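What follows is a single structure, written as structure tokens, with notes after it.
The values are calculated or read from the model by the stated rules, or taken from the named source; none is laboratory data. Computed from a predicted structure; not experimentally measured. Positions of Cβ are generated from backbone atoms using ideal geometry, with glycine treated the same way; all protein chains shown enter the neighbour counts.
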Amino acid sequence: MTMSEADKKALRAQKRAEKARRKEEKYYLASQWQLMARKLGKHQLARISLVILGFLYFVALFGNFLAPYSLTEYDANSKDLPPTPVHFSHDGKFIGPFVYHAERQTVKMSVAEKSAAQKAAKERGEKYTPPTLIATDDTEPIPIKWFVHGSSYKFLGLIESDLHLFGVEKGKVFLFGADSMGRDLFSRIILGSQVSLTIPFAGTLISFVLGLVIGSISGYFGGWVDNVIQRVIEVLNSLPSLPLWMALSAAIPAGIPPVQMYLLITIILSLISWTGLARVVRGKFMSLKNEDYVMAAKLAGVSDMKIIMKHMVPGFMSYLIVNLTLGIPSMIIGETSMSFLGLGIQSPATSWGVLLKEAQDVTSIALHPWCLIPLFFVVLTVLAFNFLGDGMRDAADPYK
Amino acid sequence: MGNYILKRVLTFLPILLIMSLVIFFIIQLPPGDYLTSYVAGLKAEGQIVDESELASLKERYGLDQPWFMQYFKWMGNILTRFDFGYSFKYEAPVWSTIASVLPMTIVVSLVTMLFNYLVGIPIGIYSAVHQYSIGDYCFTLLGFIGMAVPNFLFAILLMYGTYIWTGTAFIGLYTSEVLVGLQQGTMQWWEVLGRGDFWGRMAIPIIVIGTSGTCGTLRSMRAQMLDELGRNYVLCARAKGVSEKRIVYKYCLRAALNPTVSGLSGVLSHIFNGSTISAIVMNLQLVGPMLYEALKAQDMYLAGTILLVMGFLIIIGTLLSDILLAWLDPRIRFSGRRAE
Amino acid sequence: MSEITEPIIRVNDLRVNIKMDEGTLTPVRGVSFEIRPGETLGLVGESGCGKSLTSKAILGINEKKCQSSGEIFFQGEDGKTIDLLKLNPRGKEIRAIRGKQISMIFQEPMVAFSPMYTIGNQINECTMLHITKDKKESKAITLEMMKKVGIANAEKRYDQYPHEFSGGMLQRALIAMALVCKPRLLIADEPTTALDVTIQAQILELMQQLQKEMQMAILFITHDLGTVAKMCDRVAVMYLGRIVETGTAREIYKAPQHPYTRGLMGSVHKIGSRKLDRLYSIEGTVPLALNLKPGCGFYERCDARVEGVCDQAEPDLIQLEGTHCAACVHCRKEGKAE
């Protein structure tokens, strides 16, 4: 069967028109969520933030594999080592990425020198610490290898494995330096992100449920129930959150297992942040109760529960999710602050706040500025959540 | 207006009572009490503890009673004798213990609040009036970053900065001379306010504590101002021949201040958050470190009182903002009057 | 030419452009008209045809992103004629004209007043700006005008806030605010749409009466042809940013020429018409003035369109009888034939 050129052309044009029409139709038939997603995609900063957050969560998920060392691995000779420089050519020859072995050594001193130094320290009222220096052995390059075997862990909490993305066979590689116990900061940041990035999520989830349930009870029943709940919310709002968090976490008994500690901290964080959400839900319930479409559904004989779940909740779900996203940054900062004070996550578990404990006094920052690296990740995450929330708020606004 | 204020004051009383109950409940949550941790400390040092003395101490402080009984006793003493209990750790009445740090905490909080509004509001207005200008972009970016950096990290960074630039570490609010004077009672806290070196030292804490709140004020002010600038009455005023400046300051600003003013208590609680942790990090002589120590030592009356004072101040802030709002916005004033 | 017949305002080829991400929007595309003292010109059209933008362009109070071009000659009190578009829209000269010589009544009185200040304060601001710096005198002028527009108990009303006023009273206050400086030109942008019918009639009568007293020119913007018949000497019908038909009210009502005008006339419910007559409605809505196709803007909706003619070029205004002009190919044919 043959077709003339003109026929083909006409057919193509028709197909194009059909496609355009479908696209347009899709736009008009798109659900609220699809529209939101489309608008969010147009928001430059929100899009970048989404990519960054996606990357951070990806790293946290595969943290055990990506981190060269485990939380408990330490090296007594590597205390406070600066970031290990990665070289590529040795003796003028390119041999791929490698590092030199470095370690902290005590400065050799005569007995007289040592006693003089001890005396001087005593006069200044300081505790004597023997001076150290970093010795680098630049004769022997240690190549960085991919997929090396190291400490074992459970991949995604399921599969036993000892494979790490990269590592060295001899000595250590500290991309971000080492802490005062000779542990790799890079690994600890990655493994710490597993706590720092999931606590706000779990906390948000809990406060979401709390806010939704308490808010709808308050809005649906009204009367004295509503009154009591509103007073409690007002009280919780009138108390500064951080001191309250501190008081609550002081109640966590020392020495409980890390998983329980994690859960308790999450609950404490969400115990205070549900109030805003409950207020919103209650307000929406009260205003939606009188909306015509709710009345219409009632007249049509739809049950209360179905009205709430099918007609009312979707009406303000987007609003809730935006609110939740905007609440995440303060939870991250809350967890970081508490761990930093030693009232939150405690070793052996770690989080970014715990890592920042090393940066507590000025002299240690001056001596080991790399201990501030976790700060960068905290700020990055908080900024990304802020921008994402901002973008979502704009996207959820039907009038924009 | 007078009736309106009275009504507001009356609604705050029950909130205060519920608040004290909530606080006391939280404070007594940790298992054990001050005596058990004290005894544990003594035993660790190998000292012998006299059981009968312990029992008498327990009875004296009412620690053997259920928590709500303890609460009623505590509340009763506060209401009847203005007695906030006894601080085990400092071995002194709670009120005289916090009296050494409370005034300065209030001073620092007020000055920070002033900083918050004096910086946040004008920049917010500027940003809105010059929307999408380079200045607006810069301030918006700064605002976001200011909100993203936790207070204590900001404190560390600033301290590190001053250490690098001046070579001396930042140490507390007072010079050693003032500190000694305050401790020995030869100097009163209000005398400190007259000293130039005190205000110089205050700059860093205020910037540290106030920045995140200021950025929040800036952003809400900008958004609200933009909202108001797009309203019809602006067009109408413009058509009357009113100048842009007058439109911004007479019409928009007053309306745009509304959420900023109603956020006053939020700002105050923000400041308490910031000052608590910053004071711990920077070793400032404020209530923050005292609360921290009290919580760690289970010094419940001291911790409870500090929380209660903070909550009380925030409630006063809410009250003030309600009154300010009624003054700013005639609609609120009228609805308040009508409700009676 | 005597001075009286010289127009107060002469708008010549006014265009308003709005730059957007998707391209340049041109909601006003070459509008020309003039108004003489004591005369009322009705600017008629559907929502979104560019009426309001035209009126705001005269005052220079459009948003920053709207750029106006063309000429707007205004004859001031001193007899000098100036091009308003040449003035800096934020400058002193135009501010001295706004409110004093040209003033505007907005469509929604509820949002035209700031809720934060008393009505008296906001009207008084006009007189303080333009007439006198003396507070007492200014208040006296304000109160007089408030009484004139029919606000009873003006002294008490002076100190009340907008939320204490009813819609009709607010509209009166808005008129008082527009007239308190005795402007030479009043722009009334749908001043009665937000009001119910009885109050509408009162307000219109009030405006006519005040116009007689002050000899002002009025640019009356509306989509309500009934009001136009009552108020206006001349009418200009606007569609998609252009004037498609203009003439005296009598001319246009008697023999509307443009299909759009005819459509508008057909949409008005007339008392006494037979019950079974269906109200005519024009299909579709005013398209967005973005990336317009060549040809008549009304082409898509027109029931008298001629394929191959109307979709080629946009017709210009053609003079018919007297001052009556219309922009339609059918008019051209008739003109040629006669």
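What about C:ARG172, is it in a helix (DSSP H, G or I) and farther than 22 Å from C:THR222 by Cβ? When the stated conditions are applied, C:ARG172 does not pass them. Within region B:277-295, being more than 14 Å from the chain's Cα centre (by Cα) and of a type in the set (Val, Ile, Thr) holds for B:ILE280, B:VAL281. Name the residue that is farthest from A:LEU45 (Cα to Cα), counting only residues in region A:361-383 that are of a type outside the set (Ser, Thr, Tyr) and more than 9 Å from chain B (Cβ to nearest Cβ). Ranking the qualifying residues of region A:361-383, first place goes to A:LEU367. If you go through region A:218-259 and keep only what is away from chain B (no Cβ under 12 Å), assigned to a helix (DSSP H, G or I) and modelled with pLDDT under 85, you end up with A:GLY219, A:TYR220, A:PHE221, A:GLY223, A:PRO258, A:VAL259. Evaluate region B:283-292: report whether one residue or more is within 14 Å of chain C (Cβ to nearest Cβ) and either on the phi > 0 side of the Ramachandran plot or not basic (Lys, Arg) (or both). There is no residue in region B:283-292 that is within 14 Å of chain C (Cβ to nearest Cβ) and either on the phi > 0 side of the Ramachandran plot or not basic (Lys, Arg) (or both). Evaluated against (1) of a type in the set (Gly, Ala, Ser); (2) under 30 Å from A:VAL382 (Cα atoms); (3) in contact with a strand residue (DSSP E or B) (Cβ under 9 Å, 6 or more places away or on another chain), A:ALA102 falls short on exactly one condition, (2).
Scanning region B:83-101 for residues that are more than 22 Å from the chain's Cα centre (by Cα) and among the hydrophobic types (A, V, I, L, M, F, W, C) yields B:PHE88, B:ALA92.
Of everything listed in (1) away from chain A (no Cβ under 14 Å); (2) on the phi < 0 side of the Ramachandran plot; (3) touching a Leu at 6+ places or on another chain (Cβ under 9 Å); (4) in contact (Cβ under 8 Å) with a residue 40 or more places away in the chain, the single unmet condition for B:ASN3 is (3).
In region C:233-241, the count of residues that are modelled with pLDDT of 85 or more, among the small types (Gly, Ala, Ser), crowded, with 16+ Cβ neighbours inside 10 Å and in contact with a Phe, Trp or Tyr (Cβ under 9 Å, 6 or more places away or on another chain) is one or more. Meeting the requirement of 1 or more residues that are within 20 Å of B:CYS215 (Cα to Cα), the helices (runs of 4 or more DSSP H) wholly within region A:338-400 are A:373-396.
In region B:128-144, of all residues being under 24 Å from A:THR336 (Cα atoms) and touching a residue at least 24 places away in the same chain (Cβ under 8 Å), the one that is farthest from the other protein chains (Cβ to nearest Cβ) corresponds to B:LEU142.
Residue-level analysis places C:MET104 outside the set of residues that are in contact with a helix residue (DSSP H, G or I) (Cβ under 9 Å, 6 or more places away or on another chain), in a loop (DSSP other than H, G, I, E, B) and buried (at least 21 other Cβ atoms within 10 Å of the Cβ).
Residues in region A:90-99: is at least one outside any strand (DSSP E or B) and over 30 Å from A:LYS154 (Cα atoms)? Yes, region A:90-99 has at least one match. Annotation: of all residues in region C:55-87 being part of a helix (DSSP H, G or I) and within 14 Å of chain B (Cβ to nearest Cβ), the one that is farthest from C:GLN107 (Cα to Cα) is C:LEU84.
Residue count for region B:248-268 satisfying the condition of being within 9 Å of chain A (Cβ to nearest Cβ) and surrounded by 24 or more Cβ atoms within 10 Å (Cβ to Cβ): 1.
For region A:339-360, a residue qualifies if it is of a type outside the set (Gly, Ala, Ser) and at the interface with another protein chain (Cβ under 9 Å from one of its Cβ atoms), and the qualifying residues are A:PHE340, A:LEU341, A:LEU343, A:LEU356, A:GLN360. Selection over region A:151-167 of residues that are buried (at least 18 other Cβ atoms within 10 Å of the Cβ) and either under 22 Å from A:ALA102 (Cβ atoms) or without any contact (Cβ under 8 Å) to a residue 40 or more places away in the chain (or both) gives a count of 2.
One residue alone among C:ILE141, C:ILE123, C:ILE151, C:ILE175 is of a type in the set (Val, Ile, Thr), crowded, with 18+ Cβ neighbours inside 10 Å and touching a Lys or Arg at 6+ places or on another chain (Cβ under 6 Å), and that residue is C:ILE151.
Can you tell me which residue is surrounded by the most Cβ atoms within 10 Å (Cβ to Cβ) among those in region A:300-334 that are of a type outside the set (A, V, I, L, M) and within 28 Å of A:PHE376 (Cβ to Cβ)? Of everything passing the filter in region A:300-334, A:GLY334 is surrounded by the most Cβ atoms within 10 Å (Cβ to Cβ). Search region B:14-55 for residues being touching a residue at least 60 places away in the same chain (Cβ under 8 Å) and assigned to a loop (DSSP other than H, G, I, E, B), and hand back the single one that is farthest from B:PRO66 (Cα to Cα). Per the criteria, the residue is B:PRO30.
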